[in-house]
1. Along the charge dipole of segment A:54-200, which of A:S161, A:T185, A:T125 sits closest to the positive end, that is, farthest toward it, with unit charges on the beta carbon of Lys, Arg, Asp and Glu (+1, +1, -1, -1)?
2. Which order, highest average first, do B:29-39, B:169-179, B:110-120 follow once you tally other Cβ atoms within 10 Å for each residue and take the mean per peptide?
3. Taking θ as phi - 60°, what are the ³J(HN,Hα) couplings along segment A:175-191 by the Karplus curve (6.51, -1.76, 1.60), each to the nearest whole Hz, with x for Gly and Pro?
4. Write out the GluC sites (Glu not before Pro) in segment A:9-113 meeting two conditions: DSSP loop, and at most 12 other Cβ atoms within 10 Å of their Cβ.
5. I need the phi-derived Karplus couplings for segment A:197-205: 6.51 cos²θ - 1.76 cosθ + 1.60, θ = phi - 60°, integer Hz, Gly and Pro marked x.
6. Taking a label point 7 Å from Cα toward Cβ, how far is B:A150 from its twins in the other copies, in nm, shortest first?
7. Any idea how far the Cα center of segment B:26-70 sits from the one of segment B:175-207, in Å?
8. How much length is gained on full extension from B:R184 to B:T125, taking 0.36 nm per residue of separation minus their Cα-Cα distance?
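Derivation of every value follows stated rules applied to the coordinates shown; laboratory data play no part. Here the structure is a predicted model, which means the values were calculated and not measured. As a convention, Cβ positions derive from the backbone with ideal geometry for all residues, glycine included, and neighbour counts pool all protein chains shown.
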There are 2 protein chains.
Amino acid sequence: MTDSPRRAPATRVGATPAGRRQLRRALASAAVDLFAADGYEATTVDDIAAAAGVGRRTFFRYFDAKDDVLFANHDEIVAEMEEEFAAADPARDPVEVACAAVGLVLDSYAADLDLSLKRFALTRTVPSLRDKEVATVDRYQRVLARYLQARYEEQGDATASLRAAVAAAAIAAANNHVLRRWLRTGGTGDIKATATEAFALVIDAFRAPGGEAATVVAVLTTATPLHEVVARVGEVLRG
Amino acid sequence: MTDSPRRAPATRVGATPAGRRQLRRALASAAVDLFAADGYEATTVDDIAAAAGVGRRTFFRYFDAKDDVLFANHDEIVAEMEEEFAAADPARDPVEVACAAVGLVLDSYAADLDLSLKRFALTRTVPSLRDKEVATVDRYQRVLARYLQARYEEQGDATASLRAAVAAAAIAAANNHVLRRWLRTGGTGDIKATATEAFALVIDAFRAPGGEAATVVAVLTTATPLHEVVARVGEVLRG
DNA sequence: CAGCGTAACGGCACTCAGTGCCGCTAGCAA
DNA sequence: TTGCTAGCGGCACTGAGTGCCGTTACGCTG
């Protein structure tokens, strides 16, 4: 469709790192075009390799699996997120930081709208690709959870692990919801604004309930496993 | 190991529905034993079929894929969840209902601890199986989200879809967190109690907005189980 | 009890994803 | 030019998943 190179880039491309990235892009581009035109199952790895002008064996030197070609830039995004976390102001609300970091995913989707739309059409249609995408999301959700857990533990939260996992899942879900809605409308409208609204709901949910309204006074008899009971009450109050 | 039938169940088993379920179980059991003994990759579908005394082709009549055999009862759980939702009291907090429904997953894991532990060891080790499990979780997370969305829309919530997706993700994350922790300790301790505590965190976070200040005085004896403390406080805060 | 139709089963053959191996050669350095 | 390195293509192989078909056990009916 666009500029699918039906004939080879002559010779040895991957000798230099720049050449490697170039061929990776060419393979990914050829694959997406073929998937969109003929369908995912109907397209063989041979077809993709031939369209990019390389041998089938070379494809598997650039991608571990056929479906990996659709999520080629995922590793870079995860790396960017880790950098974001490393450079984040420790004073900020951890959930806010995590929301900002996950915004990088939105950016990368918006950066290549054509790819995003074609991939979206595929993940909606092909079950195995849907599963692959879910697994991809889970991977950066884990990165989120790891960051949040570290921050919560710094705050002395006894349930840091649980809270982190739940918050990370909520953030990822909000992000995906915004993303899918945006893709369903063909990539029109301001995603970042919609995302900010959605993240506000999450940030709000994981702060003190109803502002700082609710109060719990627990009167306990005797002094037994008091520290444990206090921990539970603190959980309700959102320590 | 246990009772791996190295020789066939003589003849035609799947003629009756009961026979079909029996062979399904036999195949799943044989598969798990082989996976645990020899590893997932090293075990071929031929091996599984032979261990169950049937042909390779028959295996694929009972399971769509090799990895499906590990999540054999998943469809039943989803069906049970749907029933739970259909029979749920509309007056109850939707998130509470969803938490109760997802508890069915915990029940099914607890019902066959041996299988659960072996599967857990595999999903921790084999990447493709981890992805498969994530996809499985996503499937019932969608069921949760669908229920919640319907309820929220009844309540006239304009952001029903988003809230439902986020809450469903949070519930699933809490459930998984509890489940994994429990499995990591070999299935000891009271999961249901731990789950109730974890769900309390989620229910509290996603309580309907517009809550006014509340003061709760809880007088409890030291003999009261912790999860009941949480449950009662939560009741008062919501009622 | 005997015959009949249905459907489960096994087996064969095929496609394709993914992998190990090897020989070739383009590119770089001495 | 010569030698070394590494990207590449191709070959061959394993194993998952599928379509097809002949066989036969089983349930049902006369």
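1. Ranked along the dipole, the leading option is A:T125.
2. On the way: B:29-39: 19.8, B:169-179: 25.2, B:110-120: 15.6.
Result, highest mean first: B:169-179, B:29-39, B:110-120.
3. 3J(HN,Hα) across segment A:175-191, in whole Hz: 4, 5, 4, 4, 4, 5, 4, 5, 5, 5, 8, x, x, 9, x, 8, 5.
4. Working: sites: A:E41, A:E76, A:E80, A:E82, A:E83, A:E84, A:E96; in loops: A:E41.
Those that pass, being in a loop and sparsely packed, are A:E41.
5. Whole-Hz 3J(HN,Hα) from phi for segment A:197-205: 4, 5, 5, 4, 4, 5, 4, 5, 5.
6. Copy-to-copy label distances for B:A150: 4.3 nm.
7. Each part reduced to its Cα centre gives a spacing of 32 Å.
8. Details: separation 59, 0.36 × 59 = 21.24 nm, distance 1.32 nm.
In short, 19.9 nm is gained.
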